[in-house]
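Only one structure is covered here, and it is reproduced in the block below.
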Amino acid sequence: MRPIRAACLGTATALVALLAGAPVAAAAATDTDSARTKDKGKVITLIGRLAEQTRFPVNPGGSPAQGDRTVFRSTLFDQDGKQVGETGGTCDTTRVANGGAEVCIVTYTLPGGQISVQGMVFGHLNPGPPPAFDNGITGGTGEYDRARGSVHAETIAPGTRRFTIDLD
């Protein structure tokens, strides 16, 4: 399939850059229960920069359509600019009317484990920068085992997003 025009699915770019802003430190806890307790209420801010993105349209060369898919990867950095991980995920268009909607599943790979996130992104077909969005944390591994909370993402520059991960 041929890739969809970048303007059509700008939200995926924002996610990749998705799914970005504060230092991430590898936890030294050896007890997983104490690690979970320690992370409760923790906020991690990261900057994500789009590294790769491929679009798979239902109608190659045509208008956006339900079922269009975007696959992406971004590199994550702390506030000091140090690379601390990456994200990878997919977004599927579920609606093209009213600016569009897509459902996204993303994994954040960080020091100490992974965080799984999913949710809807609205307005990805509107002109301009990709919209901000909030998605739910559905789980994790390592330090983030049984993680819950939310991720807020906002575009701060082309191909770059700030991700605020709020662990409940």
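The values are calculated or read from the model by the stated rules, or taken from the named source; none is laboratory data. For clarity, every value in this text was computed on a predicted model and none was experimentally measured. The protein model used for the area step is the full one, side chains on, heavy atoms only, and it has no ligands, DNA or RNA in it. Shrake-Rupley method; radii C 1.70, N 1.55, O 1.52, S 1.80 Å.
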Rounded to the nearest 10 Å², the accessible area of Thr75 at probe 1.4 Å:
20
Under the classification rounded if a/c is under 1.5, otherwise prolate if a/b is larger than b/c and oblate if not, where does the range 51-168 fall, given a ≥ b ≥ c as square roots of the Cα gyration tensor eigenvalues?
prolate
What figure in square angstrom, to the nearest 10, would you give for the accessible area of Asp80 with a 1.4 Å probe?
140
From the Cα centre of the range 39-64 to that of the range 78-156, the distance in Å is 7
Where does each of Lys82, Lys42 land when they are ordered by accessible area, with a 1.4 Å probe and the largest first?
Lys82, Lys42
